[in-house]
Amino acid sequence: MMDEAMIRLTVWFRRLVVMTSKEFLQLARDWMLLVFIVYAFTADIYLAGSGVSLQLRQAVLHVLDQDGSAASRELIGRFQPPHFQFAGRITEGPREALRLLDRGQTMVVLDIPADFESDLLSGIPTRIQMQIDTSNSVQGFLASSYAQRIIADFGTERAMAELHAQSGGAGSMPRIVDDHRVWFNPNQNDTWFMSITELLTIITLFAVLLPAAAMVREKERGTVEQLLVSPLSSFQIMFPKVLSMTVVILIGCAVSLALVLRGMFHVPVRGSLALFFGITTLFVFTTAGLGLLISTIARNLAQVGMMTILVFTPMLFLSGAWTPPEAMPVWMRTIMYASPLHYFIDTGFGILLKGAGIDVLWREIAAMAALGGIIFGTGMLRFRNQFGN
């Protein structure tokens, strides 16, 4: 009995190895898909990290200075790069300012009224008008916030200087010192956030796409019937596809970490890489169940692509990567907790930037494992019911 069980186990393992090798060979022959994989794990992540910024950069500023005083010039001089780019003065009045805003030739118009300096020296309240193009609401909000802070600092310094002069320079006025500290990304470098987010997004995309494409490729070539009449179980047909594609994704992730994130962007990896790759493996298996479900419905690769977008887009937007969960409606936040990408985002940033370990991330790992069992099991059950073996 022991010898017979050992023989069966050996045969089962050999079949698994052969089927996995077959998947690698098929992928190697699909050079278009290989090019896409290489591009996604290298150039795409580099472009996301270097070309996408969530901060205000070089906002075009025009000035309508109706005062022309030293105070107005001092205020204008505070709108400096990299946040603002001074593009010139408006000489034809408010109509020219509106024309520049309408044509998209400027983002911010600073309108300084006449008698600005004399009102300040006389202690008379004065106002500054700022017109901002908020067709891009995020950049418009940032421009408004930065401008408000610059003007507020200017007003505070002028008031402090006046009080200091009136008190005879005694220097006895109370002060509040802003000594803040930023954790994990002290320079608030967008490149770190964007490159890691893109890497986790690409992993998610391929975790859904590659297993589905591998299965549908069998349908397109007519080889799925040969597999079904072979002495292979449903698990021996499906699992090698997930296993081989998982290996491909892990290799791409390693290349991206070494060459792009650490090599080009100098992203610090503060946690355990072994833990990160272990959780990535768990996540890929979790999400591959969605690919298996897609493969049982789609008939060709074009349908796989469309259904992948249909599944991937809600996962991305409800992951918490772009919008904090607290800012979402309650019902959307509830759906978000059923998305494995939400937990992968938390664990990925927790390990790479925060140096967190299992003692901190065990809840996310447990939730991901539970979702993975449900999703992968559902995909396998769907395949068995469809092909009946």
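The values are calculated or read from the model by the stated rules, or taken from the named source; none is laboratory data. Note that the structure is predicted; figures quoted are calculated from it, not measured. Backbone-built Cβ (ideal geometry, glycine too); neighbour counts: all protein chains shown. Just so you know, the surface numbers come from the protein's heavy atoms only, side chains and all, with ligands and any DNA or RNA stripped out. Shrake-Rupley method; radii C 1.70, N 1.55, O 1.52, S 1.80 Å.
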Open item on the list: For the pair F86/S144, report the inter-label distance in nm, with labels modelled 7 Å from Cα in the Cβ direction.
Closed with: 2.6 nm
TODO: Enter the accessible area per residue of the chain (Å², integer; probe 1.4 Å; all protein chains in place).
DONE: 54 Å²
- [ ] For the range 258-358, give the percent of accessible area contributed by carbon and sulfur heavy atoms, probe 1.4 Å, rounded to a whole number.
- [x] 71 percent
Task: Over the range 278-389: Kirkwood hydrodynamic radius from C-alpha pairwise inverse distances, Å - done: 15.1 Å
Task: Shape of the range 1-55, Cα gyration tensor, a/c cut at 1.5 - done: oblate
TODO: Heads up, I need the accessible area for V52: 1.4 angstrom probe, whole protein in place, Å², nearest 10.
DONE: 60 Å²
Open item on the list: Full-extension gain between R8 and D178, please, as 0.36 nm times their residue separation minus the C-alpha to C-alpha distance.
Closed with: 54.1 nm
TODO: Indicate the gyration tensor shape class of the range 28-79 (rounded, prolate or oblate), computed on the Cα atoms with a ≥ b ≥ c the square roots of the eigenvalues: a/c under 1.5 is rounded; otherwise a/b larger than b/c is prolate and the rest oblate.
DONE: prolate
- [ ] Taking a cut-off of 23 Å between Cα atoms, list the lysines near K22, but don't count ones fewer than 8 places away on the same chain.
- [x] K219, K241
Task: 0 to 90° range, to nearest 10: angle between helix 137-166 axis and the chain longest Cα axis - done: 40 degrees
Open item on the list: If you scale each eigenvalue of the Cα gyration tensor by 5 and take the root, what three semi-axes come out for the chain, rounded to whole angstrom and sorted largest first?
Closed with: 59, 23, 17
Open item on the list: Rounded to the nearest 5, what % of DSSP beta bridges with both residues in the chain are antiparallel?
Closed with: 30 percent
Task: Selected from Q226, V304, L75, residue furthest toward positive end of dipole (the chain; charges at beta carbon) - done: Q226
Task: aspartates and glutamates whose Cα lies under 13 Å from that of K354, excluding same-chain neighbours fewer than 8 positions away - done: D346
TODO: Calculate for the chain the 222 nm mean residue ellipticity that helices alone would give, adding -39,500 (n - 2.57) per DSSP H run of length 4 or more and normalising by residue count, nearest 500 deg cm²/dmol.
DONE: -21500 deg cm²/dmol
- [ ] Please work out the Kirkwood hydrodynamic radius for the range 1-112, using every pair of different C-alpha atoms, and report it in angstroms with one decimal place.
- [x] 20.2 Å
